[in-house]
Every structure is written in structure tokens, then in C-alpha cells.
Amino acid sequence: MLFRSRSMTYQHSYDRSIADPAAFWAEQADHLAWYRKPAQTLVANPDGTHQWFADGQLNSCYLALDHQIEQGRGEQTALIYDSPVTDTRQTYTFVQLRDEVARLAGLLRELGVKQGDGVIIYMPMVPQAAMAMLACARIGAVHSVVFGGFAANELALRIDDARPALLLTASCGLEFDRVIEYKPLVDKALQLATHQPRQVLVLQRPQARAELREGRDLDWQAAVAAASPVPPVTLAAGDPLYIMYTSGTTGKPKGIVRENGGNAVALRFALRHIYGMQPGDVWWGISDVGWVVGHSLIVYGPLMNGCTTVFYEGKPIRTPDAAAYWRVVEQYRVNGLFCAPTAMRAIRKEDPQGELFKRHDLSSLRQIFLAGEKLDSSTHQWLEAASGKAVHDHWWQTETGWPVTAPCVGLEGCGVRPGSSNRAVPGYHVRVLDDDGHLLGPNEQGAIVIALPLPPGCSQTLWGDHARYLQAYLHSHPGYYHTGDGGYLDEDGFVYIMGRTDDVINVSGHRLSTGEMEDLVARHPAIAECAVVGVRDEIKGQVPLGLVVLKDGVSLSEQQLQAELVASVREQIGALACFNQVRVVKRLPKTRSGKILRAVLRKIADHQPYTPPSTLDDPAVLAEIEGVLASLARAS
Ligand code: AMP
């Protein structure tokens with residue numbers, strides 16, 4: 001039995017973190033191997049944002065690799081690459097990974113990448129993607145990983161916003177047994193983008209060879225082989241480590257900026273005290289480097305905490321079957337696991353009785369954490385019964401970079417409450433406000449906000465657009481960070497997330513903007529107006545539905561229109577949007593001033609009770625929409 005002092009109980013830690021955030025986080029920061037320890041812990045800026053550890057100096061790549069080697073973990077496995085889609089299994093010790101990263105960092109430097117430069121990484125789940133991130137961190141370049149499922153247009157938007165000096169890619173990714181060529185997508189994105197990176201580094205995979213453009217494209221392996229390794233540079237705590245684009249309510253993605261210092265302190269705290277991981281443990285963050293989980297829980301978090309990280313290029317099912325996850329857990333003696341509920345629902349569909357769990361020895365696994373979307377109670381219960389493990393829901397966002405609410409299994413007495421996403425993690429003062437900004441009491445539903453200051457690790461700006469950050473997150477309720485989620489707290493402080501209060505939907509744990517899809521749908525010449533709403537889906541949680549009103553005189557069938565719109569969204573955003581359904585309606589519900597009542601549409605789509613607003617111009621319109629959604633629900 002581990003003895004923990006009173007200071008490591010959940011309640012004591014939480015209370016201290018709220019009463020005196022600077023003292024609490026200064027203590028946590030003390031555990032880090034800084035180049036220069038920060039004397040200043042917390043500085044409040046006049047605009048409501050905060051600076052953590054302003055005068056501290058460090059390097060995130062050093063913490064993830066070199067420091068681990070100095071601590072005697074050089075021969076420990078740092079990264080296990082398991083790729084059922086290519087039938088590859090490969091391990092890298094901390095020394096091997098450091099050597100690969102140092103050489104790649106040297107190459108970036110030789111290619112003219114400087115501290116503070118942006119670098120776009122558009123790659124599948126191959127270890128070189130992690131190496132690319134760490135190599136950027138080593139020389140102080142700011143990486144922005146773009147999920148490989150995004151179409152060329154989305155990549156182009158990010159290229160124009162991040163203005164990268166260099167773009168790193170691979171010749172292809174693999175979806176089950178399908179080879180997806182990345183290079184043509186990169187070429188197209190570069191045609192669409194105004195900004196042009198100086199060079200494109202291409203990792204050739206044997207499943208598809210990419211054509212290299214003379215003078216711009218370089219062969220990864222050959223270029224790295226000729227490069228010389230470089231040591232980590234010294235960075236200020238506030239220097240950006242990475243940009244992660246996420247969907248906002250408009251078509252323009254938001255470039256969330258993560259700082260080196262806050263991120264390192266927060267991820268140390270998270271790995272140990274939320275996830276209960278110790279150096280030497282094997283951790284598996286099941287996600288993709290293209291998402292925030294890939295940054296916090298596949299690359300930086302586990303490595304900076306001396307854990308072995310599993311890097312999986314496969315799916316929950318059909319690679320080769322629904323036992324894939326349990327095979328990996330047994331094979332590598334995984335101790336802790338993170339996953340999105342959608343993956344578990346896919347497994348459950350194929351293995352409702354949980355028979356496949358029994359084929360594998362899961363004794364190493366201590367618990368399973370789920371996040372990214374609401375964990376429904378039926379999936380929760382099924383997973384707990386089938387795995388025999390504690391299953392925990394927890395809630396966070398790209399913006400925060402680490403959990404806001406969670407069971408802190410590494411702190412005594414935190415407690416868990418199934419059905420909730422658990423209590424606020426130390427550092428997060430979670431509150432609920434009504435529309436007028438008044439604090440609500442227990443069990444009263446409203447907007448979930450976090451009282452400032454946000455703890456270390458949370459984004460304090462958007463890349464190149466600080467005003468948009470202030471507008472999106474701090475302006476609506478002064479003194480609070482606006483999460484965009486609605487819900488309530490019960491009398492014991494357990495948090496219940498009910499869903500987004502804005503035009504963002506969550507498809508298979510991926511956050512997508514309905515506004516962006518509407519922009520595309522509205523471009524179709526037959527369409528007078530449209531609204532895209534999220535409707536419930538058994539596996540994906542939510543999927544988008546296009547409700548469209550045709551222009552007078554148009555004689556296009558619904559089927560034909562749907563086929564054209566689906567193709568257009570797939571082409572412009574990518575298959576990950578899962579935009580597959582379109583219904584023609586006579587009218588959309590609007591206010592008398594002509595504004596589409598999206599909040600009402602969201603509620604109808606989500607089967608939530610609603611009161612037709614007094615501003616609604618014609619209440620009969622809602623009956624038609626309800627009918628369309630009811631027929632969809634029956635059909636599924
Ligand atoms: P992302 O930034 O893509 O990670 O998406 C964050 C959003 O996903 C949150 O604002 C929530 O709407 C949703 N989300 C994440 N985790 C949970 C959870 N455990 N329960 C309910 N919603 C969640």
C-alpha cells in the first residue's frame with residue numbers, strides 16, 4: 001500500500017490550487033529539470049490572460065529524451081510502433097529515439113529552419129511523425145501537425161495560417177487495407193495556398209512511392225542520413241511548442257498555441273496524478289498525432305514522464321478484428337490506456353458479449369480512460385463488465401491540452417461517479433453560469449466556464465490572432481474562460497457535460513464546425529439556404545445532417561442533391577466529416593429578423609425539450625423539421 005501524505009490527497013491539492021495557484025504550481029514546477037528554474041510563477045496580463053513561469057528556461061525535447069537518458073532510462077523502450085496495417089512492430093529505446101531526433105533536428109536546421117519558425121507535419125501514425133515533432137521542439141521550431149484525414153483545402157488553410165518554413169509528409173497513409181496517397185494532397189494544398197514552405201521533406205513508404213518535385217521536395221531518409229545531430233536549444237517557458245488547429249464556429253480553424261513551460265508542468269502533473277503513471281510504466285494513448293491527444297498523451301506526456309509510449313497505426317476493428325486493442329495490451333504489458341468512446345462502441349458492436357477480451361491477458365492494465373465525447377452509460381457498463389477494469393470518463397479540450405475534470409487516480413480520495421465526467425482537476429475552478437452570467441447552483445444547467453487564471457498548459461492565445469482568442473474565450477463572461485460546453489455540477493462537485501452550446505459537433509471524437517459545412521453546402525447553385533446540425537449516431541456519437549431549402553424552380557431530386565453535396569464536403573473537408581445525409585425542407589425556422597434559429601435546431605436534433613422562442617416567425621416550420629428528424633431516427 002502506497003503511503004501518501006495529506007498534501008497528496010485530492011481535496012487538499014484541489015483546495016490549495018484554487019486558493020493559491022502560484023504556490024501550488026511553483027511546487028509542481030520544482031519537479032521539472034529546467035535549464036533555469038522560474039522565479040516568477042504567475043503574471044496576470046491586463047487583458048485577462050496569464051503567463052506561467054515567465055522567466056523559466058527549458059526544452060521540451062530535452063525533457064522527453066536527453067533528460068530521461070541522464071536519469072538512467074537510456075536503454076528503456078521509449079516508443080513501441082505497432083502497425084497491424086503494415087504488419088510492422090518496432091521499438092526505440094530512449095537513446096535510439098534521441099539519436100534519430102537529434103539528427104532530424106540537425107537536418108531541419110541545415111534546411112534553414114530557425115527558432116520560432118512554423119513547421120507543418122502532415123503524416124500518418126509512423127514513428128517519424130513523433131520524431132518530427134520532437135525535432136522541432138529540439139530547435140525551438142513550432143510544429144503544427146495536421147491530421148492526415150483532412151483534405152487538401154483544409155491543409156491549405158492551415159499552411160496559410162501557420163506560414164511554415166518547411167512541410168514534412170509521407171508518401172502515404174493506410175486505412176485498413178486501403179493506401180491513401182498523401183503527396184498528391186500536399187501538392188494540391190500547395191497549389192491552393194498562398195504561402196509556400198521553402199521545402200517539403202517526404203518519407204517514402206514502401207506501400208506507395210511519391211513523386212518528388214525537383215528543387216522543392218527532399219527524400220527524408222537520404223537527407224537525414226547526411227545530417228549531423230544537434231543538441232537541444234534553450235527556450236523560454238512562454239515560447240510556443242506547437243500550434244494545433246481546431247474547429248471553431250466559423251470556417252477558419254483556430255490555431256491553438258501551446259507553450260513549452262506550462263505544457264511540461266501540466267503534463268507531468270497529469271500523467272502522475274490523473275492517470276497514475278510512473279516512470280517505467282507502459283502507456284497507450286489511442287489516438288492520432290493529428291489531435292491534441294496525440295501531443296499530450298502519445299508524444300510529450302508519456303516521454304517526459306519516463307514512460308514507454310505505444311504508437312499504434314491501426315483501428316479498433318478489422319485490423320484484423322475487434323480484439324486488436326486487447327492483443328496490444330497483452331503484448332506490451334500496457335499499464336494505462338486512453339481512448340475515445342466511439343472506438344469502444346465500434347468494438348462492442350462486433351463483440352457485444354465481450355468474448356474477445358477473454359482471449360488476452362489484460363492483467364497489466366490498471367484502468368481505462370475515455371474522453372473526446374460523452375461516454376454513454378451503456379458503453380461504460382459494457383466496457384467495465386467485459387474488461388474487468390475501472391473505466392473513467394474525463395473531459396478536456398484542445399484548448400486546455402490536458403484534463404479539466406477527471407478522476408485523479410494518483411491522488412488519494414478523489415472518488416469517481418459513473419455518469420459524470422468526474423470532478424475538476426486541481427488548477428481548474430469549474431463553474432456554471434446562466435445566460436446573464438450569474439453563477440448557478442448545484443444541478444442547475446448552464447454554460448460551463450473556468451474561473452481565471454487557467455492552470456499551466458492551457459492555451460493563452462491563438463496563432464497570429466490574439467484578439468480572436470480574447471473574443472472567443474474571455475469576452476462573453478469577464479473573469480472566466482468560456483468552454484463552449486453546457487452542463488451542470490452536482491452537490492458534490494461532479495461535473496456533467498451535456499454537449500456544445502455553439503455550432504461545433506463531435507463526430508467520432510473529432511470536433512467539426514457545422515458553419516464550415518454550411519458554407520460549402522450553400523455554394524451549391526440549387527440551394528437557397530441551409531443549416532447543418534448534428535444528429536445522434538449509435539457509433540460516432542454525432543453525425544452532420546444538412547437541412548436545405550431549394551431555390552424556386554429547381555427540379556433536382558433529393559438523392560442527386562445529396563450525392564453532389566456529400567462529394568463536395570468530402571472533397572473540401574475530408575471523409576472524417578461523415579457528411580452523408582441531406583434532407584430538403586420547405587423552410588428553416590427563423591426569427592422575424594431572418595436569423596436561422598440554430599439553437600432550436602440543435603435541441604430538436606438532440607431530442608432535448610425546447611420552448612419555441614417568441615421571435616420565431618412561423619411555429620409550423622418546426623413540425624416539418626421534427627418530422628424529418630423523427631424519420632431519420634426511425635431509419636437508423
Ligand atoms: P477537442 O478539442 O477536439 O478535444 O474537443 C473538445 C470537446 O469535446 C469538448 O469541448 C466537449 O464538447 C467534447 N468532449 C470531450 N470530452 C468529453 C467528455 N468526456 N464528455 C463530453 N464531451 C466531451
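The values are calculated or read from the model by the stated rules, or taken from the named source; none is laboratory data. Given the structure is predicted, the values throughout are model-derived calculations rather than measurements. Note that each Cβ is placed from the backbone with ideal geometry, even for glycine, and that neighbours are counted across all protein chains shown. Accessible surface is based on the protein model in full, side chains and every heavy atom, while ligands, DNA and RNA are left aside. Shrake-Rupley method; radii C 1.70, N 1.55, O 1.52, S 1.80 Å.
Numbers below:
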read-out	value
Residue match in the range 426-439 (condition: of a type in the set (Lys, Arg), away from the ligand (no atom under 15 Å from the Cβ) and either under 25 Å from Leu452 (Cβ atoms) or open to solvent by 40 Å² or more (accessible area, probe 1.4 Å) (or both))	yes
Residue within the range 397-409 that is part of a strand (DSSP E or B), open to solvent by less than 10 Å² (accessible area, probe 1.4 Å) and either within 16 Å of the ligand (Cβ to nearest atom) or over 30 Å from Asp351 (Cα atoms) (or both) present	yes
Check on Tyr10, at pLDDT 95 or above and touching a Cys at 6+ places or on another chain (Cβ under 6 Å)	yes
Criterion (touching a residue at least 24 places away in the same chain (Cβ under 8 Å), of a type in the set (A, V, I, L, M) and out of contact with any Phe, Trp or Tyr (no Cβ under 7 Å at 6 or more places or on another chain)) met by exactly one of Leu356, Leu337, Leu383	Leu383
Within the range 568-589, considering residues that are open to solvent by 40 Å² or more (accessible area, probe 1.4 Å) and not in a helix (DSSP H, G or I), the one farthest from Ile505 (Cα to Cα)	Lys586
Elements of type strands (runs of 3 or more DSSP E) contained in the range 452-560, each with 1 or more residues being away from the ligand (no atom under 16 Å from the Cβ) and under 24 Å from the mean Cα position of the chain (by Cα)	527-537, 541-550
Within the range 616-636, tally of residues that are open to solvent by 60 Å² or more (accessible area, probe 1.4 Å) and in a loop (DSSP other than H, G, I, E, B)	3
Strands (runs of 3 or more DSSP E) contained entirely in the range 1-95, each with at least 2 residues that are among the β-branched types (Val, Ile, Thr) and open to solvent by less than 80 Å² (accessible area, probe 1.4 Å)	77-83, 88-93
Residue list for the range 245-267, filter: more than 15 Å from His466 (Cα to Cα) and within 16 Å of the ligand (Cβ to nearest atom)	Thr246, Ser247, Thr249, Thr250, Asn263, Ala266, Leu267
Filter result for Ile539 (touching a helix residue (DSSP H, G or I) at 6+ places or on another chain (Cβ under 7 Å) and at pLDDT below 90)	no
Among the candidates Gly118, Gly148, residue that is of a type in the set (Gly, Ala, Ser), closer than 20 Å to Asn260 by Cβ and touching a residue at least 12 places away in the same chain (Cβ under 8 Å)	Gly118
